[in-house]
Amino acid sequence: MGNTKYNVLFMRDDDTVKRYRLSPFWLRVLFWVVFMLAVCAGAGAWAGYTFWSENDQLKQEKIELQKALNDASVQLERLENVNKILDSYDPNELQSLLAAVPVEEKRVESTPVVDLNKLLFYKNLMRAGVENVKVRKSGDSLALSFDLNNLQTASALSGLATVELIENNGKGVQIKANRNDMSFHIQRFKVVRTRFGLPSGKSLKDVYGIRLMITTKKGELIFSEVYPLSRVLN
């Protein structure tokens, strides 16, 4: 039994038969080598799938965290705007934004004059970016300029920019700016410049700031923010 050998024959049509004698030890070695290769291949496939699943999960978590960060950034910017508004007013101006307080014989009630949520309304769908907002007084009119960026450059962005003056009492006054100046069709970037007059009987001291609104050609509002004149007036 100790001399047992296995004969392995290799036959070709155009050649002589070749015979190899192998001991059981080498056959067992060959079997275990093949078996270990199969185990390693299976382990590699399992590890690859596991790491792929974990990577996909991490990508989803990153997207969710980025969304939460964007939401937090929007809320922070709104709070900063509130703080800037409060800082820009003196006590007398703040009174004009607060409730009127009628005094009765036995009762004092406060009636809100300004809806701050409406006054400070902010919206940014991250499709259009507005930067370098500047306002300059020119005679009896105001010159407005700002940079408009398409934040999703995979496709062009078309629409219309509109301006609203926010008075110290919180009232919004729509401005009729030149439509040719305010309409846009951009792939990346455009500098918007326009000029408009103040409402009849109004002066700069009656104006708190301007609201810029960006609307797509389908009428969807994708950006809205109030800019105090103290920040943008040159």
message: At 7 Å along Cα-to-Cβ for each site, give me the label-to-label distance between LEU69 and PHE35 in nm.
response: 5.1
- request: Please list, or write none, the lysines whose alpha carbon is within less than 20 Å of the alpha carbon of LYS5, excluding same-chain residues fewer than 8 places away.
  value: LYS18
task: Give the angle, between 0 and 90 degrees and rounded to the nearest 10, that separates the Cα long axis of helix 24-88 from the longest principal axis of the Cα atoms of the chain.
output: 0
statement: For GLY209, the residues 5 or more places away or on another chain with a placed amide H closer than 5 Å to its own amide H are ILE166, LEU229
- request: Counting only heavy atoms of the protein chains, get the accessible area per residue of the chain (1.4 Å probe) and round it to a whole Å² value.
  value: 71
query: Between SER73, PRO24, LEU212, whose Cα lies farthest towards the positive end of the dipole of the chain when Lys and Arg beta carbons carry +1 and Asp and Glu beta carbons carry -1, centred on the Cα centre?
result: PRO24
- line: Which of [x] 1.51; [y] 1.00; [z] 0.94 is the computed Rg/Rh (Cα atoms, Kirkwood Rh)? It is [x]
- line: Karplus-derived 3J(HN,Hα) from phi for segment 143-154 (6.51 cos²θ - 1.76 cosθ + 1.60, θ = phi - 60°), whole Hz, x at Gly and Pro, runs 9, 10, 9, 7, 8, 10, 10, 8, 7, 10, 6, 5
query: For the residue pair LEU116 and LEU151, what label-to-label distance in nm results when each label sits 7 Å from Cα along the Cα-to-beta-carbon direction?
result: 2.5
- line: Looks like segment 1-43, by Cα gyration tensor root eigenvalues a ≥ b ≥ c and the a/c under 1.5 rounded cutoff (else prolate when a/b is bigger than b/c, oblate otherwise), is oblate
Spacing of the two label points (7 Å from each Cα toward its C-beta) at LYS18 and SER183, in nm: 8.3
- request: Can you spot the lysines whose alpha carbon is less than 28 Å from LYS137's alpha carbon? Ignore those fewer than 8 places along the same chain.
  value: LYS84, LYS118, LYS123, LYS171, LYS176, LYS190, LYS202, LYS205
- prompt: Around ALA177, which amide H atoms from residues at least 5 apart in sequence, or from another chain, sit under 5 Å from its own amide H, with H modelled in the peptide plane?
  reply: VAL163
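The values are calculated or read from the model by the stated rules, or taken from the named source; none is laboratory data. Worth saying up front: this structure is predicted, and the values here are computed from it rather than measured. Neighbour counts run over all protein chains shown; Cβ positions are idealised from the backbone, glycine included. Surface areas here come from the heavy atoms of the whole protein model, side chains and all, with no ligands, DNA or RNA. Shrake-Rupley method; radii C 1.70, N 1.55, O 1.52, S 1.80 Å.
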